[in-house]
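Read-outs: derived from the displayed coordinates by stated rules, not from any lab. Given the structure is predicted, the values throughout are model-derived calculations rather than measurements. For neighbour counting, all protein chains shown are included, and Cβ atoms are generated from backbone atoms with ideal geometry for every residue, glycine included.
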Amino acid sequence: MHQWRGKRCAVAMMLVVVILGVSGCLNLEGYLDEEHGPSSSTGEGALSIACWNLQVFGPTKASNDTLLAFYAGTLDDYDLFVVQEIRDASGTAIQKLAAKLPEYHYILSERAGTTVSKEQYAIFYNDRCTLISYHDYTPTHQHEFERPPLQATFTANNWTFTIYIIHTKPANVSAELAHLENLTGEPTADTIVMGDLNADGSYYDEDHIQQFTTWDWVITNTMDTTVAASNNTYDRIIINHAVENNFISAGVMRNVTRAQSDHYMVYALFDPRVP
């Protein structure tokens, strides 16, 4: 098991979180360690899922051993994690990161973008998760998104869930979220949307959400996900009703400097024992 970086004083609080989560009475704000990520006392057996925009992750950052070690050492606290904003035509950057994470498997989307700037998503997962299927919407939906979503379905213990990964174009957030909502439909199966949605600031009116209105935005409007001095919740995790029985808590890992990324990492914890 990977070691969590957390605060020992959270033990009592985490026991309360687990009890409330199992009983279905959990406040979606949950317990948040917004500096270093979830504590080891979050609840034995919890499945951790994270998403991080690494800000132009390519050969330059991947050649910085200190920076690469920080990324790997931070990401390996999670059972499944998503890396966004991979910009590397050579494909070597993600390979170098993967080499630092030998206990993980990963899938990689196609390079996507309507300009010369192309990006990819990567989903890493350890042996607690089994990949059932995945689908990259880039070949068929590039006309609807700057970076079309990557969909993947996993099982973990008794839980089967599907995630949709997206990094929206800032100038077209509402339209891209509407297109994504059309793709997901109204699933009865456990479904999670996550990524840099740019869902705040001048890009999107977070106080008047028009898409995924019946879903729970567990990275809430009060959470800052950007390293900049401004307070914006660009990065999100959104769960449908079916996931609520599994949801424990969500938070923002803020132990990030400007040299490492302009985004903090967002994460959520789930109970995979619940079908």
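Per the Cα gyration tensor, the stretch 212-252 maps to an equivalent ellipsoid with semi-axes of 23, 11, 6 Å, ordered largest to smallest. Along each principal axis, taking the top coordinate minus the bottom one, the Cα set of the stretch 186-258 gives 39, 26, 16 Å in descending order. For the chain, a Gaussian network of Cα nodes joined below 10 Å ranks Tyr78, Tyr164, Tyr137 by mean-square fluctuation, and the top entry is Tyr137.
A value for percent of Cα pairs over 35 Å apart was derived from the coordinates, and within the list [x] 26; [y] 9; [z] 13 it appears as [y].
Note: relative contact order over the stretch 154-268, using C-alpha pairs below 8 Å and six or more positions apart, is 24 percent. Calculated mean residue ellipticity, 222 nm, the chain: -5500 deg cm²/dmol, from DSSP H runs (n ≥ 4) at -39500 (n - 2.57) each, averaged per residue and rounded to 500. Once the C-beta distance of Ala229 and Glu186 is scaled by a Förster radius of 35 Å, the resulting FRET efficiency is 0.35 to the nearest 0.05. Taking the chain as a Gaussian network, where each spring joins two C-alpha atoms under 10 Å apart, which residue of Ile107, Ile86, Ile166 fluctuates the most? Looking only at Ile107, Ile86, Ile166, the biggest GNM fluctuation is shown by Ile107. Bridgeable aspartates and glutamates around Lys118 (alpha carbons under 18 Å apart, same-chain partners fewer than 8 residues away excluded): Glu85, Asp88, Glu110, Asp136, Glu144, Glu146, Glu176, Asp196. Remark: relative contact order (the stretch 165-208) = 55 percent; criterion is Cα-Cα distance under 8 angstrom and separation of 6 or more residues.
When the alpha carbon gyration tensor of the stretch 62-138 is reduced to an equivalent ellipsoid, the three semi-axes, largest first, read 21, 18, 9 Å. Working from Cα pairs under 8 Å separated by at least six residues, relative contact order for the stretch 47-270 is 18 percent.
If the segment from Thr115 to Asp65 were pulled out straight at 0.36 nm per residue, it would be longer than the present Cα-Cα gap by 15.0 nm. Counting 0.36 nm for each residue step from Asp207 to Asn221 and taking away their Cα separation leaves a gain of 4.2 nm. Think of the stretch 74-130 as a dipole: +1 on every Lys or Arg Cβ, -1 on every Asp or Glu Cβ, centred on the Cα centre; then among Ala98, Gln120, Phe81, Gln120 lies furthest on the positive end. In terms of packing, defined here as the mean over residues of other Cβ atoms within 10 angstrom, the peptides 199-207, 238-246 line up highest first as 238-246, 199-207.
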